[in-house]
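First the structure, in the form of C-alpha cells, and then the observations on it.
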Amino acid sequence: MKRHIKDLAAWSIIILISVLLFMIYDQGRNDHYTEVDNHAPLPEKLDPLVAKKAEAFVKKAAEQGIDVAITETVRSVERQNELYKQGRSEGGNIVTYAKGGESYHNYGLAVDFALRNNDGDIIWDTAYDGNKSGKADWLEAAEIAKELGFEWGGDWNGFKDYPHLQMDYGLSIRQLNEGLRPSHNQSE
Ligand SMILES: [Zn+2]
C-alpha cells in the first residue's frame, strides 16, 4: 500500500512538471506567432524585418563590389498562379513549384534577387564574377544573405531556386494558411 502511494506521488509530480513545461512552451510559442482570421487578406507589403534584412543585404553586397537587385518581393495569389502556369499550361521554363497561397512570397516573407552587371543590366548569370574575387558573385551574395538570416533557395534539395531568399520564422506554409503570422507584424 505504502509503495502504491509513493508511485502515485511520483507520477503526480511527473505530470505536474509536464504540464508546467508545456505551459512554458506554449507561452513561448505565443510570443513568436500571432493568429489572424484565416480569411483575412494576405499582406500587401513585405514583413518589416524581411524588408530591413533585404535592405541590409543589398548594402553589404555593394560593400563587396556586388550590385544586387531585388527583383521580387511580396506576391499576390493571382500572380503566383500565373507564375505556376509557366512551363506547365504555358510555355517557358518552370520557375516555381508553389501555387497561389503556397509561396512565402504570398505572405511577405520572401524576396528574389538578381545581379546588375557593369552596364547596369539585370542578369541571372550565377557564374558571373564582376568583382573579380575569383568566386561567383551570386554565391558570395547568397552567403551574405544567409549570414543575415535568410534561407537560400539554392540550398534546397531537388528544385533549386537560386534567386530566392526567405525567412519563415519557423512557420510552415500550412500554418500561414491557417492564419498564423510572425507576431512583430502586429506591433510594427
Ligand atoms: Zn522566390
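Give me the residue from the range 59-68 that is assigned to a helix (DSSP H, G or I) and in contact (Cβ under 8 Å) with a residue 24 or more places away in the chain and, out of that set, surrounded by the fewest Cβ atoms within 10 Å (Cβ to Cβ). Checking each candidate, the answer is 60. For the range 90-118, the set of residues classified as assigned to a strand (DSSP E or B) and within 12 Å of the ligand (Cβ to nearest atom) consists of 110, 111, 112, 113, 114, listed by residue number.
Scanning the range 129-150 for any residue that is within 13 Å of the ligand (Cβ to nearest atom), open to solvent by 60 Å² or more (accessible area, probe 1.4 Å) and under 16 Å from the mean Cα position of the chain (by Cα) turns up nothing.
Which residues, taken from the range 69-89, are in a loop (DSSP other than H, G, I, E, B) and of a type outside the set (Lys, Arg)?
Matches in the range 69-89: 73, 74, 76, 87, 89.
In the condition set (1) more than 16 Å from the ligand (Cβ to nearest atom); (2) open to solvent by 40 Å² or more (accessible area, probe 1.4 Å); (3) at pLDDT 95 or above, residue 124 is compliant with all but (1).
Of all residues in the range 158-171, those being of a type in the set (Gly, Ala, Ser) and touching a strand residue (DSSP E or B) at 6+ places or on another chain (Cβ under 9 Å) number 1.
Are any of the residues in the range 164-172 assigned by TED's automatic domain parsing to the domain that holds residue 115, within 13 Å of the ligand (Cβ to nearest atom) and open to solvent by 30 Å² or more (accessible area, probe 1.4 Å)? Looking through the range 164-172, at least one residue is assigned by TED's automatic domain parsing to the domain that holds residue 115, within 13 Å of the ligand (Cβ to nearest atom) and open to solvent by 30 Å² or more (accessible area, probe 1.4 Å). Of all the residues in the range 47-58, those that are closer than 11 Å to residue 141 by Cα and open to solvent by less than 30 Å² (accessible area, probe 1.4 Å) number 1.
Could you look through the range 143-157, keep only residues that are part of a helix (DSSP H, G or I) and out of contact with any strand residue (DSSP E or B) (no Cβ under 9 Å at 6 or more places or on another chain), and pick out the one that is farthest from residue 63 (Cα to Cα)? Please lay out each step first, then the result.
Our first condition is that a residue be part of a helix (DSSP H, G or I); within the range 143-157, this holds for 143-147, 153-155.
So of that shortlist, the ones also out of contact with any strand residue (DSSP E or B) (no Cβ under 9 Å at 6 or more places or on another chain) come out as 147, 155.
On the way: 147: 15, 155: 24 Å.
Among them, the one singled out is 155.
The set of residues from the range 89-111 being at pLDDT 95 or above and open to solvent by 20 Å² or more (accessible area, probe 1.4 Å) comprises just one member, 104.
The values are calculated or read from the model by the stated rules, or taken from the named source; none is laboratory data. What you are looking at is a predicted structure, and each value in this text was computed from that prediction instead of being measured. Cβ coordinates were reconstructed from backbone atoms using ideal geometry, including for glycine residues, and neighbour counts include every protein chain displayed. Calculation scope for accessible area: heavy atoms of the full protein, side chains included, ligands and nucleic acids excluded. Shrake-Rupley method; radii C 1.70, N 1.55, O 1.52, S 1.80 Å.
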